[in-house]
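Can you read through this structure? Questions will come right after.
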Amino acid sequence: MHYPYQIKSLSDYKIQYKKSVEEPEQFWAEVATNFTWKKHWDKVLTWDFKTPNIKWFEGAKLNITENCLDRHLITQPDVPAIIWESNDPEEHHRILTYKELHFKVCQFAHVLKNNGVKKGDRVCIYMGMIPELSIALLACARIGAIHSVVFGGFSAQAIADRLQDANAEFVITCDGAYRGAKEIPLKSVIDDALIGCKFVKRVIVCTRTRTPVSMIKGRDVWWEDEIKKVETQGNHDFPAVEMDAEDQLFILYTSGSTGKPKGVVHTCAGYMVWANYTFVNVFQYQQGQIHFCTADIGWITGHSYILYGPLSAGATSLMFEGVPTWPDAGRFWEIIEKYKVDILYTAPTAIRSLMGFGEGYIAGKDLSSIKVLGTVGEPINEEAWHWYDRNIGKEKAPIVDTWWQTETGGILISNLAGVTPAKPSYATLPLPGVQPVLVDENGKEILGNGVSGNLCMKAPWPGILRTTYGDHERCRINYFATYENLYFTGDGCLRDEDGNYRITGRVDDVLNVSGHRIGTAEIENAINMHQGIVESAVVGFPHDIKGQGIYAYVIYQGTHGDAELARKDINLTVSRMIGAIAKPDKIQFVTGLPKTRSGKIMRRILRKIAENEIGSLGDTSTLLDPAVVDEIIKGKL
Ligand code: WT7
């Protein structure tokens, strides 16, 4: 494939950027002509951040899978679309060429249809990282069903919450999943989730671990049996269902500062153009290269940079089932050597964890195929940046530090590999179409360079979220109401003298643990479910590997067992309510929490204590009971 919209130099970037701001409709119309449409748009962009109402390519008809599959059938049917590497280094890898992937997606689209799935239905996908997961997403997109992938680390309760919120009547899962040394009983978790979700009509179960599963008559069917039925019916092709540009493509739940995760909604055309455009430009993808994004498809990074971005660009995407440290900390480097990976896209937390294992695992591995390195998910510290640069890129591969969010659909701020300059720990410059502004507490724009503030966007780019599922007002309040006529990211940010952006972290009550977003209110709600808990307050603290750790201050009046057992019990409740990823790293038992006279918890003080900055607690004059603070400092973990 050729990418006429691939930016080739710094001066080209400047020209493209300027054009994207001055004539956005013309700019995106030109980019969009490089895609397959069933019908062209009537209007490129309509928007209003007040409501919000955002429409890209209105009137256009398309199916994203025609762009990810069908159009490559003619030009490159035998190019690998997905290379799959097992959790087990001894198990044979799998390769699906564009032709094979197209065939399998069509087959599974028939399975979905045979099982009653229709355009617009919500399908919850809870699977491990096997090729069938990619097939499931694409088959949903092919028939116009809205997929809602739930990461395999979430609990039954978390799945049930998401099923209910989306009113999803269909579930696709596996018997189990492998992750490092662990085996996760996915179907069994789904069974627990479905006890309270009687509206789920059908569960399709794909075999992976062959762990025993309970199959409920009339509700549960095996993936493999359903495929056999399609084979005997002799159905091969499945024409892609015609979708409106603004029809919903998928829902992905993400945490915010309130207790309940929200279903971020992306729509067909804008998301497709954005995932593709950012993939091609940020990584400077060249035909034939192997792109290895280590994320799980359960997160937005996997949606956009394992599947939709690379496949729509006709790229070869490497999908990895395992974890970076199993069987040992050389796993990534082995995979790079084995497949001659060109682009590695991973998270700072993985880099920091591998750093800790030393360079011994890299020695002797041929990493000379690496052309571009990427990071995503959280700020990357300079030490990790330089380690990545020296040991993996051998100081020859540009590093792209890509800042974006579930809500943005794709990368918004990043250098373009080898095209625009990198600066360690800076995401650097906005992509064409992205107009960042920094504002102060009152929403006043902070102009000039060498300044910092809250990061907002002034205008929509094609991949911006359109709504939060089932609750448009929530979308408005969360993102568009804090500052008038701006999209608010929730991040703090500084702009250096040259106009480079450095994201400094969340300014709301949201934590970023190992690149995964978790709301403190969500964790508190889970802790408060535990017997004997009177009240709790959760804050983040700096963690060498995870970036942020979870620190919980808890007033506990339980009588069962000692403090250590109580901590384990509380952790189990959090695992049940949300999942193991939300378990506090530290639980401190306290007799009171610092509050203002009006009863508000002073989190700022708790944060300072957790961060070990006891000398700078700030103004404590509004505290109701200062003695509480002394006690908390004394008991700090
Ligand atoms: C939050 C979004 C985007 C996919 C993965 C996470 C933080 C993300 C960076 C970066 C500094 C970053 C922000 C953002 N973040 N990338 N390169 N530098 N911070 O998606 O779960 O929606 O979280 O992750 O705080 O708001 P997410």
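The values are calculated or read from the model by the stated rules, or taken from the named source; none is laboratory data. Predicted model only: the values in this text are computed from it and were never measured. Note that we place each Cβ from the backbone using ideal geometry, even for glycine, and neighbour counts take in every protein chain shown. For the accessible areas, the whole protein counts, side chains as well, though only heavy atoms, and no ligand, DNA or RNA atoms are used. Shrake-Rupley method; radii C 1.70, N 1.55, O 1.52, S 1.80 Å.
Excluding residues on the same chain fewer than 8 positions from residue 187, give the aspartates and glutamates whose Cα lies under 12 Å from its Cα.
List returned: 175, 220.
Of all chymotrypsin sites (Phe, Trp or Tyr not before Pro) in the stretch 142-234, which ones are in loop regions per DSSP and have a Cβ with at most 15 other Cβ atoms within 10 Å? Can you show the working numbers first?
Numbers: sites: 151, 154, 170, 178, 199, 222, 223; in loops: 151, 199.
Loop-located and lightly packed - 199.
Further question on the same structure: So, for the chain, what is the accessible surface per residue at a probe of 1.4 Å, expressed in square angstrom?
Working: 24100 Å² over 637 residues.
Result: 38 Å² of accessible area for each residue.
Measuring from label point to label point, each 7 Å out along Cα→Cβ, what is the residue 211 to residue 236 span in nm?
For residue 211 paired with residue 236, the spin-label model returns 3.8 nm.
Given the options 133, 148, 117, identify the residue whose Cα lies farthest towards the positive end of the charge dipole of the stretch 96-241 (+1 on Cβ of Lys, Arg; -1 on Cβ of Asp, Glu).
117
Using a 10 Å Cβ count of at most 16 others and DSSP loop calls, identify the longest part of the chain lacking such GluC sites (Glu not before Pro). Each step should come with its number before you reach the end.
On the way: sites that count: 90, 91, 242, 395, 441, 484, 497, 611, 613.
Here the longest segment lacking exposed loop sites spans 243-394.
Can you work out the FRET efficiency for the pair residue 328 and residue 182, with r the C-beta to C-beta distance and R0 = 25 Å, to the nearest 0.05? Walk me through the numbers before you get to the answer.
Working: r = 16 Å, r/R0 = 0.63.
It comes out at approximately 0.95.
Enumerate the calculated ³J(HN,Hα) couplings along the stretch 430-439 in order (Karplus 6.51 cos²θ - 1.76 cosθ + 1.60, θ = phi - 60°), each rounded to whole Hz, writing x wherever the residue is Gly or Pro.
So the J values, rounded to whole Hz, are x, 6, x, x, 10, 10, x, 9, 9, 10.
Run through the stretch 159-221 and list the trypsin sites (Lys or Arg not before Pro) located in a DSSP loop whose Cβ has at most 11 other Cβ atoms within 10 Å.
Of the trypsin sites (Lys or Arg not before Pro), the ones in loops of the stretch 159-221 whose Cβ has at most 11 other Cβ atoms within 10 Å are 198, 210, 217.
What ³J(HN,Hα) values, in whole Hz, does the Karplus curve 6.51 cos²θ - 1.76 cosθ + 1.60 give for the stretch 457-463 when θ = phi - 60°, with x put for Gly and Pro?
10, 8, 8, x, 10, x, x
Just to check I understand the Karplus step: with θ = phi - 60° and J = 6.51 cos²θ - 1.76 cosθ + 1.60, what whole-Hz values come out for the stretch 313-318, glycine and proline as x?
Here the 3J(HN,Hα) series is 9, x, 7, 9, 10, 8 Hz.
Where both residues lie in the chain, what percent of DSSP beta bridges are antiparallel, nearest 5? List each step's numbers first, then the result.
On the way: 61 of 101 bridges.
Roughly 60 percent of the beta bridges in the chain run antiparallel, per DSSP.
Could you tell me what percent of the accessible area of the stretch 512-634 is made up of carbon and sulfur, with a 1.4 Å probe and every protein chain present? Don't skip to the end; give the middle numbers.
On the way: 2990 of 5890 Å².
C and S fraction of accessible area: 51 percent.
Next question, about the same structure. Note the full-extension length gain between residue 53 and residue 544 as 0.36 nm times their separation in residues minus their Cα-Cα distance, in nm to one decimal.
Extra length available between residue 53 and residue 544 comes to 172.6 nm.
Under a 5 Å amide H to amide H cut-off, with H placed in plane at 1.01 Å, what residues pair with residue 519 once short-range neighbours are removed?
Those lying under 5 Å, H to H, from residue 519 are 256, 511.
Working out 0.36 nm times the residue gap between residue 23 and residue 366, then minus their Cα-Cα distance, what length gain in nm do you get to one decimal? Spell out each step's value before the answer.
Values: separation 343, 0.36 × 343 = 123.48 nm, distance 4.58 nm.
Value of the extension gain: 118.9 nm.
With unit charges on the beta carbon (Lys/Arg positive, Asp/Glu negative), name the residue among 612, 425, 172 whose Cα is farthest towards the positive pole of the charge dipole of the chain.
172
Which lysines does residue 340 reach when only Cα atoms under 25 Å apart count, and residues fewer than 8 places away in its own chain are ignored?
Reachable lysines: 8, 99, 365, 371, 394, 396.
Using a simple charge model, +1 on the beta-carbon of Lys and Arg, -1 on the beta-carbon of Asp and Glu, nothing else, what dipole does the stretch 512-634 show about its Cα centre, in debye to the nearest 20?
Numbers: 15 positive and 14 negative charges, 64 e Å.
It works out to roughly 300 debye.
Would you list which lysines come within 25 Å of residue 55, measuring only between C-alpha atoms, while excluding same-chain residues fewer than 8 positions from it?
Within the straight-line limit of under 25 Å, residue 55 reaches these lysines: 18, 19, 38, 39, 43, 118, 119, 262, 458.
Using modelled amide H (1.01 Å from N, peptide plane; none on Pro or chain starts), what sits under 5 Å from the amide H of residue 264, excluding residues fewer than 5 places away?
Amide H to amide H, under 5 Å and 5 or more residues apart or across chains, residue 264 pairs with 252, 253, 254, 469.
In a solvent-free Debye calculation with one equal scatterer on each Cα, what is log10 I(q)/I(0) for the chain at q = 0.11 Å⁻¹, listed in the order of the q values?
For the chain, the Cα-only Debye profile gives -1.13.
Find out how many positive minus negative residues lie around residue 351, taking Lys and Arg as positive, Asp and Glu as negative, among other residues whose Cβ is under 14 Å from that of residue 351.
The answer is -3.
Amide H neighbours of residue 491 under 5 Å, counting only residues 5+ apart in sequence or on other chains, H built in-plane at 1.01 Å?
Answer set, sorted by chain and number: 455, 507.
Right, here's the next one. Rounded to the nearest 20 Debye, what is the dipole magnitude of the chain about its Cα centre when Lys and Arg each give +1 and Asp and Glu each give -1 at the C-beta?
740 debye
Compute the distance in nm between two label points, each set 7 Å from the Cα along the Cα-to-Cβ direction, one at residue 46 and one at residue 1.
2.9 nm
Are there trypsin sites (Lys or Arg not before Pro) in the stretch 86-145 that DSSP marks as loop and that have at most 15 other Cβ atoms within 10 Å, and which are they? Don't skip to the answer; put the middle values down first.
Numbers: sites: 94, 99, 104, 113, 118, 119, 122, 142; in loops: 118, 119.
When the trypsin sites (Lys or Arg not before Pro) of the stretch 86-145 are filtered for loop state and at most 15 Cβ neighbours within 10 Å, 118, 119 remain.
While we're looking at this one, here's another question. In a shell of Cβ-Cβ distance under 13 Å around residue 383, excluding residue 383 itself, what net charge do Lys and Arg (+1) and Asp and Glu (-1) give?
Working: positive: 352, 390; negative: 382, 389, 544.
So the environment of residue 383 carries a net charge of -1.
When you have a sec, figure out the Kirkwood radius of the stretch 96-241 from all distinct Cα pair distances and drop it here in Å to one decimal? Before the final figure, lay out each step's value.
Working: mean 1/r = 0.0658 Å⁻¹.
About 15.2 Å, per the Kirkwood formula over Cα pairs.
Now for a different question. Carbon and sulfur atoms: what percent of the 1.4 Å accessible area of the stretch 96-241 do they account for?
In the stretch 96-241, the share of accessible area belonging to carbon and sulfur is 53 percent.
Would you tally the net charge around residue 329, using a Cβ to Cβ cut-off of less than 13 Å, leaving residue 329 out, and scoring K and R as +1, D and E as -1? Write down the numbers at each step before the final one.
On the way: positive: 331, 352, 365; negative: 328, 334, 359.
Around residue 329, the surrounding residues sum to 0.
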